[in-house]
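Asker: Quick one: this structure, given as structure tokens, is what I'll be asking you about.
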Number of protein chains: 2
Amino acid sequence: MDAQSFREFGKAAIDYLADYLENVRDKQVLPNVEPGYMRKLLPEEAPEEPEDWREVLKDMDRAIMPGLTHWHSPHFHAFYPTANSYPGIVGEMMSAGLGTIGFTWMSSPASTELEVITLDWLGKMIGLPPQFLSCSPGYGGGVLQGSASEATLLCLLVARERYVQRLHEKNPSLTEQELRATKAKLVAYASDQSNSSVEKAGILGSVPMRLIPADEKFQMSGSNLRAAIEADLKEGLVPCIVISTLGTTPTCANDPLREIAAVCSEFGIWHHVDAAYSGAALICPEYRYICEGIELADSFNFNPHKWMLVNFDCSALWVKDSRELVAAMSVDRAYLVHTQQDAGMPDYRNWQIPLGRRFRALKLWFVLRIYGVKKLQEYIRAQCKLATDFEMLLRGDDRFEIFTPAHMGLVTFRLKGPNENTNKLMANLQKSKKIYVVGAEVGGKAMIRFAICSRFTTFSDVEFAWNEMVNQTDKVFLTLPENATNGHF
Amino acid sequence: MDAQSFREFGKAAIDYLADYLENVRDKQVLPNVEPGYMRKLLPEEAPEEPEDWREVLKDMDRAIMPGLTHWHSPHFHAFYPTANSYPGIVGEMMSAGLGTIGFTWMSSPASTELEVITLDWLGKMIGLPPQFLSCSPGYGGGVLQGSASEATLLCLLVARERYVQRLHEKNPSLTEQELRATKAKLVAYASDQSNSSVEKAGILGSVPMRLIPADEKFQMSGSNLRAAIEADLKEGLVPCIVISTLGTTPTCANDPLREIAAVCSEFGIWHHVDAAYSGAALICPEYRYICEGIELADSFNFNPHKWMLVNFDCSALWVKDSRELVAAMSVDRAYLVHTQQDAGMPDYRNWQIPLGRRFRALKLWFVLRIYGVKKLQEYIRAQCKLATDFEMLLRGDDRFEIFTPAHMGLVTFRLKGPNENTNKLMANLQKSKKIYVVGAEVGGKAMIRFAICSRFTTFSDVEFAWNEMVNQTDKVFLTLPENATNGHF
């Protein structure tokens, strides 16, 4: 393909996406396809001869569109949002087009430096204490990861290696094999409300993740954490890292950071804060109360690619002492050495798991500049308001009970009575596919999560979702045996 | 930003990239900036108010361009290529615009299914045995990872967990803590010529990576591997995984797969093949001799994002038994359950480290269709030819010696005589910045790697590089003391 064809194809693709996003409200949020549908639509082998890009665009409509779940439909209320914005899309394309790989400073200085600068910008925007920023004295700094999963795993691995390093310093006579054996005693801690990726980090890092039972507010309390740590210490195990969550996946609960930090500090444990979803709200000062005590943490992560309009992937991680990352992650090779090492700019390959990395800071920079802080704040506030609106609608119908009130963009609820009612409602919603929500079971209670996800969502979309909820609830009670109706009829 | 502004901004960005790539030959491949340059050009905080996209595009020229290393300049001959093509760029943008997250089949059926299908296409294109493909009976299949680093780490972790699982099956009375302790005995193996990411996978997975000294052809021989394994077994250690490399980073050497597979099979060890760079050449049947014995491996990885014109990131991994991945990687949560599980399509979150994932198959599909197999083969062959051309030029000047002849797109060489000569030449080249090459030291010998990287590289660019090499070599011998000139003058 030559540059002229690229200009035509690229511009047609821009129009394709603009048309798609302008009309995404009218599409059914969940597709009707069955597993394996695409095999019937595409050939079994790649074509031998080049095909015209117009044919490929046509096949977008024929083969891809029918099987898409429309994450940016205003009727998408499942999980948490994944970001999408026009500046973010262009930023991603620009990054692909320049096609640099910024594993060392020298391999693409602009890529590294823009990341350092925009992560300082972002850190200031969310009120992060200066010791996490590159522009402050010390060893703090930010880095973009692909996902919160990677950020959590990275911190767990660094905490693990830090423990071994310190043990070796205290006992220089320990052999490598003896040091390795001590790793089998490490344990990690998080709330049982934490994201699946936190437990997975424990599996991957071979450090079992103790899932601390949350309290009645779905938070991991300092006292429950302490009890678990003390029990492990009695067994001769070694606490290594605690992962606190701001904005848990089931109910958007916030672990009390200061309380947890006190425990971590007492036992010398790494404290990582996973604010994957909720972190974006910290750009609004009125939400900063949730991260009270953050100055005591070792690392903090949130995903601008969730709720801050930067397309996936863009997960921001800050650490207080980047030397610990570098110590755990460095593998030096002659071909990676360059003349400007140690000149005050990071070689980001040592701040992450993989070697290669895209120029992800570009899309973050585009979004921050083209929206500006004020518009991003407005966006967060508007989304929170819509969740409250939905809560009000729920409160107006006494068949429903609020499980957790609107917090950030999430409200959770259930049908009064046995779980069967709520599960039936979920099944009805899944079948009708007019809106997309997911359920969960917390503390033995089935509930439904309703998250404001799309940037296109308005109050009339919330009403649309509410009407669907009412219709499907009517069907639940029409078909349930009388003794399960909880007296509504 | 509204859709209309996006249409304008997006199209301006398409033109920006087309202009950039059409003129990248004229830019100095390495930038002149010093670390910290960008802090002088950008404000210390994000803007409060929205900025016009035109201002951002202007700043691309003012702040970004001066600090770019131009990976797609035909004068870039460092590392290995990172891919860039017009269809790949548009595919990346399309993926960003649709903005789906395909962690389960239901979360975006098209995303999962296109990945399954295109990885079957690609597997067939490189002649992968059917047991690695989804379209064959059994549990084989392909998945896209972000990088070869992740693919290697993933396989190491799966091999580690498989070992523990099997041990538990044999000894059901072992406690969790006892099982954990056995992990401290695991060891992994790779050539000392393998990529830094392989050693790093060992560090991250807490399984020490034995770097087997390569033989005189820079290959890991079966006998050296066997000797290391037997020595470890005598120490009571447990061999867990062997990573073979096709196309090592220093010299593009290929480990002898069949020989290594025989050792792996004898000792029951997972055999992973990392063909990050060279794998793309397997689309040309004449190069398939390098993967003779691949049918005996457990997993195979190569990066279309290196040498097959799909923009980073797009790293293809195939496994023979995907159940082993799923067993090691699954963490189930109610909110991730969907009604179509177990219907023959994968939930790819269980095939990778993170939870989230982009719709990366789109760009692969665009590239495969818009180039077609034949054009991609032509491309690989043309790049190999250019490396051979450069070798011929080297052979015509008796100050140089070939370190390893052209293989794929790489040739390595040095100046005759002491390492000082070659190191001086490298320093001169780094200073003049007309071409970008990196050096390495292998077996005590300093050498320079010359890789054909850009898709724009032509024979006249190879001549340009050669002329620069001759000029800088002249300077080496002009400034070196007489006894170091090796008699050339």
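The values are calculated or read from the model by the stated rules, or taken from the named source; none is laboratory data. Computed from a predicted structure; not experimentally measured. Positions of Cβ are generated from backbone atoms using ideal geometry, with glycine treated the same way; all protein chains shown enter the neighbour counts. When the accessible area is computed, the model is the full protein with side chains, heavy atoms only, and any ligands, DNA or RNA have been set aside. Shrake-Rupley method; radii C 1.70, N 1.55, O 1.52, S 1.80 Å.
Asker: Among B:A427, B:A440, B:A406, which is surrounded by fewer than 24 Cβ atoms within 10 Å (Cβ to Cβ), among the hydrophobic types (A, V, I, L, M, F, W, C), free of Cβ contacts under 8 Å to residues at least 24 places away in the same chain and facing chain A (nearest Cβ under 10 Å)?
Answerer: It is B:A427.
Asker: For region B:283-331: of the residues being closer than 20 Å to B:Q165 by Cα and basic (K, R), which is most open to solvent (accessible area, probe 1.4 Å)?
Answerer: Filtering region B:283-331 for residues that are closer than 20 Å to B:Q165 by Cα and basic (K, R), the one most open to solvent (accessible area, probe 1.4 Å) comes out as B:R323.
Asker: Let me ask you something else. Identify all residues within region B:101-111 that are in a helix (DSSP H, G or I), facing another protein chain (nearest Cβ under 7 Å) and not aliphatic (A, V, I, L, M); write none if there are none.
Answerer: B:P109
Asker: Out of B:P31, B:P66, B:P35, which single residue is without any contact (Cβ under 8 Å) to a residue 24 or more places away in the chain, under 29 Å from the mean Cα position of the chain (by Cα) and closer than 19 Å to A:A343 by Cα?
Answerer: Checking each option against the conditions leaves just B:P35.
Asker: Could you please give the count of residues in region A:391-421 that are touching a Phe, Trp or Tyr at 6+ places or on another chain (Cβ under 9 Å) and either within 21 Å of A:K217 (Cα to Cα) or assigned to a strand (DSSP E or B) (or both)?
Answerer: Count: 17.
Asker: State whether one or more residues within region A:132-149 are closer than 30 Å to A:E22 by Cβ, open to solvent by 10 Å² or more (accessible area, probe 1.4 Å), in contact with a helix residue (DSSP H, G or I) (Cβ under 9 Å, 6 or more places away or on another chain) and facing chain B (nearest Cβ under 7 Å).
Answerer: Let us first name the residues in region A:132-149 that are closer than 30 Å to A:E22 by Cβ, namely A:144, A:146-147.
Checking which are open to solvent by 10 Å² or more (accessible area, probe 1.4 Å) leaves us with none.
No: zero hits.
Asker: Then there's this: Taking A:T388 and the conditions (1) surrounded by fewer than 22 Cβ atoms within 10 Å (Cβ to Cβ); (2) among the polar types (S, T, N, Q); (3) closer than 18 Å to A:V470 by Cβ, which numbered condition does it fall short on, given that it satisfies the others?
Answerer: (3)
Asker: Here are A:L128, A:L114, A:L204, A:L211: which of them is at pLDDT 95 or above and at the interface with chain B (Cβ under 9 Å from one of its Cβ atoms)?
Answerer: After applying the criteria, what remains is A:L114.
Asker: Follow-up question, since we're still on this one. Applying the selection to region A:369-385, what residues are farther than 19 Å from A:A451 by Cβ and either crowded, with 20+ Cβ neighbours inside 10 Å or among the polar types (S, T, N, Q) (or both)?
Answerer: Passing the criteria: A:R369, A:I370, A:Y371, A:Q377.
Asker: Still on this model: With respect to A:R455, is the statement that it is among the charged types (D, E, K, R), in contact (Cβ under 8 Å) with a residue 24 or more places away in the chain and within 14 Å of chain B (Cβ to nearest Cβ) true?
Answerer: For A:R455, the condition - among the charged types (D, E, K, R), in contact (Cβ under 8 Å) with a residue 24 or more places away in the chain and within 14 Å of chain B (Cβ to nearest Cβ) - is met.
Asker: Among the numbered criteria (1) in contact with a Phe, Trp or Tyr (Cβ under 8 Å, 6 or more places away or on another chain); (2) within 23 Å of A:M65 (Cα to Cα); (3) in contact (Cβ under 8 Å) with a residue 60 or more places away in the chain; (4) open to solvent by less than 10 Å² (accessible area, probe 1.4 Å), which single criterion is violated by B:W121?
Answerer: (1)
Asker: Considering each residue of region A:19-50, count those that are touching an Asp or Glu at 6+ places or on another chain (Cβ under 9 Å), under 20 Å from B:V367 (Cβ atoms) and at the interface with chain B (Cβ under 8 Å from one of its Cβ atoms), and give that number.
Answerer: 4
Asker: Another question about this same structure. I'd like to check something: does region B:257-264 contain any residue that is in a loop (DSSP other than H, G, I, E, B) and either among the aromatic types (F, W, Y) or touching a helix residue (DSSP H, G or I) at 6+ places or on another chain (Cβ under 9 Å) (or both)? Write out each step before concluding.
Answerer: As a first pass, look at region B:257-264 and keep what is in a loop (DSSP other than H, G, I, E, B): none.
Looking through region B:257-264, none of the residues is in a loop (DSSP other than H, G, I, E, B) and either among the aromatic types (F, W, Y) or touching a helix residue (DSSP H, G or I) at 6+ places or on another chain (Cβ under 9 Å) (or both).
Asker: Those residues that are assigned to a loop (DSSP other than H, G, I, E, B), farther than 18 Å from A:S330 by Cβ and of a type in the set (G, A, S), I need them from region B:174-220; list them, please.
Answerer: Hits for region B:174-220 are B:A184, B:A214.
Asker: A further question on this structure: Can you give me the number of residues within region A:173-196 that are at the interface with another protein chain (Cβ under 7 Å from one of its Cβ atoms) and modelled with pLDDT of 95 or more?
Answerer: The qualifying residues number 0.
Asker: Continuing with this model, one more query. Kindly list, by first and then second residue, each pair from a residue in region B:224-251 that is at negative phi to a residue that is acidic (D, E) and surrounded by fewer than 23 Cβ atoms within 10 Å (Cβ to Cβ), limited to pairs with Cβ atoms under 7 Å and residues at least 6 apart or on different chains.
Answerer: B:N224/B:D215; B:P239/B:D232
Asker: Conditions: (1) without any contact (Cβ under 8 Å) to a residue 24 or more places away in the chain; (2) under 26 Å from B:R210 (Cβ atoms); (3) more than 10 Å from every other protein chain (Cβ to nearest Cβ); (4) open to solvent by 60 Å² or more (accessible area, probe 1.4 Å). A:K170 meets all but one. Number of the miss?
Answerer: (2)
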